[in-house]
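> Have a look at the structure that comes next, please.
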Amino acid sequence: MMTRSHSKTVVFSHPFELKGFGRVLPPGDYRVVTEEELILKLLFPVYRRISTVIHVTLEAYNASMEVAAIDPRDLQEALDRDVGLVATGRPK
C-alpha cells in the first residue's frame, strides 16, 4: 500500500496533559506527524489514518526526542483547553 505523511507544528501556551504520557508536558512547539495509507479498492483515492505521533523534547536531554502515538481527538481536546486558557486566563 502507498502511504503519505503530514507534519504540522502545534503550539501550547500552557502546560498540558495528553493520554499516554505520565506527566504534564511544558508549553511550547510540538511536531505532530500523521501517516495515512491509500485504499485502492475504491473508484477515487481515499486515505485512512494509520497513526498520529507527537515529538517531545526530553527536558533532561535537550537534544533527545520522545515520540509517542496519540489519538488526534485527545490532541484537539488539549489544544481546545489551551485556547480556553489563553482566552480567559483561567482553566475551563
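> Work out which GluC sites (Glu not before Pro) in the chain are exposed loop sites (DSSP not H, G, I, E or B, at most 16 other Cβ within 10 Å) and give the longest gap free of them.
18-58
> Tell me what the chain gives for mean residue ellipticity at 222 nm when only DSSP H runs of n ≥ 4 count, each as -39,500 (n - 2.57), the sum divided by the residue total, rounded to 500 deg cm²/dmol.
Computed mean residue ellipticity for the chain: -6000 deg cm²/dmol.
> Ok, one more. Once you mark the chymotrypsin sites (Phe, Trp or Tyr not before Pro) that are in a DSSP loop and have at most 16 other Cβ atoms within 10 Å, what is the longest gap between them in the chain?
Maximal segment without exposed cleavage sites: 22-60.
> Show the residues, 5+ positions off or on another chain, whose built amide H is closer than 5 Å to the amide H of Ile70.
Sorted by chain and number, the residues that satisfy this are Thr52, Val53, Ile54.
> Still on this structure, I have one more. For the chain, what does the relative contact order come out to in percent, with C-alpha contacts under 8 Å and a separation of six or more?
Once normalised by length, the contact order is 24 percent.
> Please identify the trypsin sites (Lys or Arg not before Pro) of region 1-37 that satisfy two criteria: DSSP loop assignment and at most 16 other Cβ atoms within 10 Å. Which are they?
Answer by residue number: Lys19, Arg23.
Here, each number is a calculation from the coordinates, and none is a lab measurement. Just so it is clear, the structure is predicted and the values come from calculations on it, not from any experiment. So basically every Cβ, Gly included, is an ideal-geometry build from the backbone, and we count neighbours across all protein chains shown.
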